[in-house]
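> Okay, handing you the structure first.
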Amino acid sequence: MRIRRKGKLLVEPPSSATGDIAFNLIVFFLVCASIEPDSGRPQEIPRSEENREKKEEVKNIEVAMTANLNAVSLNGDTVRTSELGSRLARILKTKPRPEDRIVIVKSKTDTPYHHWIDVTAEIEQSGGQITIQREEVQTIEVQ
Amino acid sequence: MKISRRPLAANVPSMAMGDIAFNLLIFFVILAKATDDSHLQWDPAETIDVTRAGAAKVSVVIDADSKYYLNGQQVGIAQLAPQIEQILGSTTGDDRRVLLKVHRDATANHFEPIIEAVSEAGGTIMHVLEEKRLKK
């Protein structure tokens, strides 16, 4: 004769721990989200002493920029920012020596960083070696 | 007449051990983050081609108010080059990498001295940027 068990056994997770589990999961995902690795672009800029020496030897390409995002100056000529890459590539094609591929970047003091990044990216993609020439600030004392 | 107390058992609840270990693990992971400049307000500029910046000993931030921070501490522009040189010491290769986190609208009179200071200190510049998503 078979004896039937009275009722079924309840198998429930302990409800007191669910709060802890939820909290730990939140913390875990927060930490995962905050440790996103930085991304960016490496840039090699020679030291200022080296720049001076090289400037004296050869006539370098000059790119000047201002707060105007649509245009830059290439060797004194105003060109559209979108055309800078192709124009530079054409010029640099005729310059195989690395010392001739130096591009002097001049920026007006109000040039925004995102514009500077766009322009220098174009120069590097065209095969140019960036060097910075800052605007000189002179203090004149009036007696 | 003295009534002797029953000795009380003082066991550490073993159920919580997993939770404690997990919380400690997360705590040390957060501490291990190299430099904490997450409290600074700056928006990165965008570019098409980006690579992983990796870890660096030195991180320079120009925030939305054009203030300079070296490894999370506010500094003046004049102190920047010698301090970077001091931190980099005689390291070589990738250890000379300097992360440059510049607010996208910062102007040349603020960020160019930093680039010059890093190059003078012999550091390798890594501009921290965001990948530009092209519109379809």
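The values are calculated or read from the model by the stated rules, or taken from the named source; none is laboratory data. In this text, all values refer to a predicted model and were calculated from it rather than measured experimentally. Methodologically, a virtual Cβ is constructed for each residue, glycine included, from the backbone with ideal geometry; neighbour enumeration extends over all protein chains shown. For accessibility, only protein heavy atoms count, side chains too; no ligands or nucleic acids. Shrake-Rupley method; radii C 1.70, N 1.55, O 1.52, S 1.80 Å.
> In Å², rounded to the nearest 100, what is the total accessible surface buried by chains A and B against each other with a 1.4 Å probe?
Buried area (both sides, nearest 100 Å²): 3300 Å².
> Rg and Dmax of chain B, Cα atoms, in Å?
23.9, 92
> Choose one of B:M126, B:G54, B:P44: the residue whose Cα lies farthest towards the positive end of the charge dipole of chain B (beta-carbon charges +1 Lys, Arg; -1 Asp, Glu; about the Cα centre).
B:G54
> Which residues' amide hydrogens lie under 5 Å from the amide hydrogen of A:I130, considering only partners 5 or more residues apart or on another chain, with H built in the peptide plane?
A:V103
> How much solvent-accessible surface does A:K95 expose, in Å² to the nearest 10, with a 1.4 Å probe and all protein chains in place?
Accessible surface of A:K95 is approximately 50 Å².
> Rounded to two decimals, what ratio of Rg to Rh does the stretch A:48-133 give with C-alpha atoms and a Kirkwood Rh?
Expressed as Rg/Rh, it is 0.94.
> Could I ask something else about it? With axes computed from alpha carbons, what is the tilt in degrees of helix B:17-31 against the longest principal axis of chain B, rounded to the nearest 10 within 0 to 90?
Roughly 20 degrees, rounded to the nearest 10.
> Hey, another quick one. Would you pull out the residues with amide H under 5 Å of A:A71's amide H, same chain only if 5 or more places away, H placed 1.01 Å from N?
Sorted by chain and number, the residues that satisfy this are A:T81.
> Full extension from B:I87 to B:L24: what is 0.36 nm times the residue separation minus their Cα-Cα distance, to one decimal in nm?
Full extension of this stretch gives 19.7 nm more.
> When only the heavy atoms of the protein chains count and the probe is 1.4 Å, how do A:T120, A:T18 rank by accessible area, highest first?
Correct descending sequence by accessible area is A:T18, A:T120.
> Then there is this: Rounded to whole Hz and in sequence order, give me ³J(HN,Hα) for the stretch B:63-77 from the Karplus expression 6.51 cos²θ - 1.76 cosθ + 1.60, θ = phi - 60°, writing x for Gly and Pro.
Once θ is set to phi - 60°, the couplings for the stretch B:63-77 become 7, 4, 9, 6, 9, 9, 10, 10, 6, x, 9, 5, 9, x, 4 Hz.
> Further question on the same structure: Note down the accessible area of B:F111, probe 1.4 Å, to the nearest 10 Å².
0 Å²
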